[in-house]
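The values are calculated or read from the model by the stated rules, or taken from the named source; none is laboratory data. Predicted model only: the values in this text are computed from it and were never measured. We place every Cβ from the backbone using ideal geometry, glycine too, and count neighbours over all the protein chains shown.
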Amino acid sequence: MASIEPENSFENKRIAIDTLPRYQEVDLNGISGKLLVKNLIRISLGFVAVAIFFGYIFLYAEENLPFDIIAAVALLLFALLYFNIWKMQKIYGYALRERDIIYRRGFLITKTTIISFNRIQHVSISRGVLDKMLGIATLSIFTAGGSGSDIRISGLEPELAQTLKEALVIKISEDGDATI
């Protein structure tokens, strides 16, 4: 009696890690400097709110309150926030490749996210009040299983965000057709 061999035999070949493409070597596209302006406005509004709060405390609090220490800590915190967003602006970057999208952000802790097109569920564009005033948009990319967007690329020109969204939708449909 002849043995029955499965029609589709399973293979799981080993990959040489040194032959894989290095995402660190990809030239990333920067984002608009208008995002820096948006973040400066947001932090400045917070600073004004904290300054008003401290002014109120200074006028009506007891004299034994260590106001100068609290104010110095608050000023240091805001100085660090300003420095952080200024440095982060230089780090933000994204790139579309043949099979995936890369997004890098962060300053003290740099985070790079790479999502293959076949994992993307949908893409959306959003614009808040400051975004509309500054002429920028945010592109959000969602994958399966996530409760929120996996990548949020803020500070894009609205036309560019729309172009990227359309390119991703085309790539998603191409990958979906290839797997059917």
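Observations, loosely collected:
- The lone exception for Gly148 - which of (1) within 13 Å of the chain's Cα centre (by Cα); (2) modelled with pLDDT under 90; (3) buried (at least 16 other Cβ atoms within 10 Å of the Cβ) it fails: (3)
- Matching residues, segment 79-95, being in a strand (DSSP E or B) and either exposed (fewer than 15 other Cβ atoms within 10 Å of the Cβ) or in contact with a Lys or Arg (Cβ under 6 Å, 6 or more places away or on another chain) (or both): Gly93
- Some residue of segment 115-128 being under 14 Å from the mean Cα position of the chain (by Cα), of a type in the set (S, T, N, Q) and assigned to a strand (DSSP E or B): yes
- In segment 48-87, the residues that are free of Cβ contacts under 8 Å to residues at least 40 places away in the same chain, of a type outside the set (Gly, Ala, Ser) and in contact with a helix residue (DSSP H, G or I) (Cβ under 8 Å, 6 or more places away or on another chain): Val50, Phe54, Ile57, Phe58, Leu65, Phe67, Ile70, Phe78, Leu81
- Residue that is at negative phi, in a helix (DSSP H, G or I) and surrounded by fewer than 17 Cβ atoms within 10 Å (Cβ to Cβ), where the choices are Leu164, Leu76: Leu76
- Glu98 under 25 Å from Thr143 (Cα atoms) and part of a loop (DSSP other than H, G, I, E, B): yes
- First in segment 106-130 and closer than 20 Å to Ile172 by Cα and in contact (Cβ under 8 Å) with a residue 60 or more places away in the chain, second anywhere and surrounded by 13 or more Cβ atoms within 10 Å (Cβ to Cβ) and acidic (Asp, Glu), Cβ under 8 Å, 6 or more apart: Ile114/Asp100; Asn118/Asp175
- Hey, Gln121 at pLDDT below 95 and surrounded by fewer than 15 Cβ atoms within 10 Å (Cβ to Cβ) or not: yes
- Test set (1) in contact (Cβ under 8 Å) with a residue 60 or more places away in the chain; (2) touching a Ser or Thr at 6+ places or on another chain (Cβ under 9 Å); (3) surrounded by 15 or more Cβ atoms within 10 Å (Cβ to Cβ) - Gly135 fails condition number: (3)
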